[in-house]
Every structure is written in structure tokens, then in C-alpha cells.
Amino acid sequence: LSQRNKMLARGVSITRKALPGLSRAWMSTIPSIKNVTVIGGGLMGNGIVQVSAAAGYNVTMVDISDDLLAKSTASIQKTVKKGFAKAVEKGKMEASAAESEEAAIMSRLSQTTSATDAVKTADLVIEAVPENLGLKQKLFADLDKAAPASTIFTSNTSSLPIADIASTSARGDRFGGLHFFNPVPAMKLLEVVKGPNTSAETFDTLLSWGKSIGKHTVSCKDTPGFIVNRLLVPDMFEAIRMLERGDASMEDIDAAMMYGAGRPMGPFKLADMVGLDTCKSIVDGWHKRFPDNPLFKPTETLDKLVKDGKLGMKTGEGFYNYKK
């Protein structure tokens, strides 16, 4: 190992012991990737930036305004500081070491409002902007002109086809999917998606990078919803159809799946947590592409809730009322 990687490995080892919620089975950084650019500093992008920097990568976070970037950076620092404070409190590390490691993580972060400038030195680009195909396609068309030919492009999309997102770039062989789960620092899984033109070398690099940030990686082809959402979303919609048919109450369906299937929450509570607008957007997109698939059929109940602005936990009401 180079001296730099030895120092990073030591720091990451300390971070792993101190912050199990931020890092789990850390490996050293991989040689082909040093600089990571994350486009979008929202909830998902924020978490991706955090775990990447904690793993030892230099990370540039991009968003549309300096105010949003400042808020995202402050949120990351607060989470990191809280994790190290708990580690010190539990006797896992000295306060001086915690302060040093926190500073090291934050020193690997930089921010900019210019996506094209950010990718000029990037080895890996991770897009985490809203689920709008046109927006993503325009973004990658612009980035393709600015990034080095060797840069790998990825999308954190949860429902849009990687092939469609990649269609406006000239690097289909260096384009794949990295689907993280919320909250990114705590959720172990990373779905690594192989588009129809993704090269074996690119795919192997993405798998290795995912493992280097402490994630359990799973491989998937560019199929609707990949693995998790392809199974979970139709499950949620079948629960809604059961409710519409009068087969069982919402509360009993949730209880049955919790106590009979060992799930931490039922499909209605899960839909509220995900966001009913997000659930609707996913299924509407799938239904448009595959109108004959009954699993992708929209439901009147969900459509009405979204129309009424009842989007789940984030608005205080969805299938359940959280304002009480």
C-alpha cells in the first residue's frame, strides 16, 4: 500500500470502530477511484457524500445553490460529530482522536454549484437528482462533454431505466446504476445495476467501490425497480387492492405482515414512509412502459391521496394520520 492508503486505512479502521452506523465492513479505497462527484445534496445525495468521505474518498457535492450546499454540509458534520461523540462517551476512542478523524472526513469534502466543473477531475460521478428522466438526461448530456473519457457515470435512480438515462451520453460502456437506500449511512445494501452496454470492467469497478464504502453489494440487470423495489412496490399495491376489495382492514393487513411475515412494518406504513407520491411515480412509470402487466396497475385509493396532498409521513398524513 502507498503511504496515503496506509494513512487512510488507519483512519477508516478507527472510523469503523467508532461509527458503526456510518461504516461497517470497510476495505481500503480502490486504486482506480480517488475523486467522487455527487450531483444532488438532498437526503440521498447527502448520505452518499457522507459514506464516501468517511471511506477515504475525496468528494465534491453539487447542488443548485450555496445555501443548499451549506445546509447539506452542516447536516453531514452534525451526523459525523454525533457519531464520534457517542464513541467517546462509550470509551471506544479518545476525544482527541475523534476530533482528528472528524476533521479528516470533513476535509475530504468540497462543494460547488457547477456540475460541469465538478466532473473535470472526477473518477466516479453519482447522480442523485429528482426522479425526472428529462432532467437526468440533460444533466448527463452536459456532463459527458466536461468529464474525462475515463470517468464512470452512475445514477441513484430507484425506478427509471439506466439505459434511458444513459442514452444522452456517449459512454454507455462506462455507465451503470448505484441504488442506495435511505438512510444511506445506516442501510447496508447497495444495488449495483448493469445497463445493456455497461462493460464488465466498469461493473466490476462499481462492485469493488461499493464494497469499499462498507456496503453489501448485489448485482442486478436493468429491470424495472431492480431487486428491492420490484418486489416491494407490487407488494404494497396488492395490499392497497386488498383494502379496496374489502378483503381486510389496513391495520390488519399491516399487522399480518408484521407478525406473520416478520417484517418491521406493514405495507401501508412502509408506503407512508417511502412517500405516496414516490410510490405513485414509480408505478405510473412502470405502467406506462408495461401497460399489460397487472402488477403495475395504478390504484384509485393512492391516486386520490396524492391528489389531496396526503403523501405520508413527510406531510403528516397518508394512509395513517401522523399529526395526532
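The values are calculated or read from the model by the stated rules, or taken from the named source; none is laboratory data. Note that the structure is a prediction, hence the values are computed from the model and not measured. Just the protein is used for accessible areas: all its heavy atoms, side chains included, with ligands, DNA and RNA removed. Shrake-Rupley method; radii C 1.70, N 1.55, O 1.52, S 1.80 Å.
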For region 123-187, alpha-carbon Rg relative to the globular expectation (2.2 N^0.38 Å, N residues): 1.08
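How much accessible area per residue does the chain have, counting only protein heavy atoms and a probe of 1.4 Å, in square angstrom? List each step's numbers first, then the result.
Details: 15340 Å² over 324 residues.
Solvent-accessible surface per residue comes out at 47 Å².
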Under the Karplus relation 6.51 cos²θ - 1.76 cosθ + 1.60, θ = phi - 60°, what is the ordered set of whole-Hz ³J(HN,Hα) values for region 74-91, x standing for Gly and Pro? 5, 5, 4, 4, 4, 5, 5, 4, 4, x, 5, 4, 5, 5, 5, 4, 8, x
In region 49-115, if every C-alpha pair distance is counted and binned at 5 Å from zero, what percent goes to each bin? 3, 18, 25, 22, 16, 8, 5, 2, 0
Using only alpha carbon pairs under 8 Å that are at least six residues apart, calculate the relative contact order of the chain and give it in whole percent. 14 percent
Looking only at lysines whose Cα falls under 18 Å of Lys215's and that sit 8 or more positions away or on another chain, we get Lys17, Lys34, Lys188, Lys194
Keeping every protein chain in place, order His179, His287, His216 by accessible area at 1.4 Å, biggest value first, i.e. largest first. His216, His287, His179
Degrees separating the helix 3-18 axis from the principal Cα axis of the chain, which is the longest one: 50 degrees
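Would you rank Lys215, Lys304 by solvent-accessible area, highest first, keeping every protein chain in place and using a 1.4 Å probe?
Working: Lys215 15, Lys304 125 Å².
The ordering from most to least exposed comes out as Lys304, Lys215.
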May I ask you to derive the relative contact order of region 221-324, considering only C-alpha pairs under 8 Å and at least 6 residues apart, and to give it as an integer percent? 24 percent
In degrees, nearest 10, the alpha-carbon axis of helix 43-54 is tilted away from the dominant principal axis of the alpha carbons of the chain by 30 degrees
Can you give the calculated 222 nm mean residue ellipticity of the chain, where each DSSP H run of n ≥ 4 adds -39,500 (n - 2.57) and the sum is split over every residue, rounded to the nearest 500 deg cm²/dmol? -15500 deg cm²/dmol
Can you give the Rg and Dmax of region 263-324 based on its C-alpha atoms, in angstrom? 12.2, 41
For region 256-324, which whole-number percentage of the solvent-accessible area (1.4 Å probe, protein heavy atoms only) is attributable to carbon and sulfur atoms? 57 percent
So which aspartates and glutamates pass the test for Lys310, namely a Cα distance under 12 Å, with those fewer than 8 places away in the same chain ruled out? Asp272, Asp277
Region 164-173 - phi-based ³J(HN,Hα) in whole Hz, Karplus 6.51/-1.76/1.60, Gly and Pro as x: 5, 5, 6, 5, 8, 9, 9, 10, x, 6
What's the angle, to the nearest 10 degrees (0 to 90), between helix 133-146's Cα axis and the longest principal axis of the chain? 20 degrees
Once Cα extents along the principal axes in Å is worked out from the coordinates, which option in (1) 75, 52, 50; (2) 54, 50, 45; (3) 65, 50, 35 does it equal? (3)
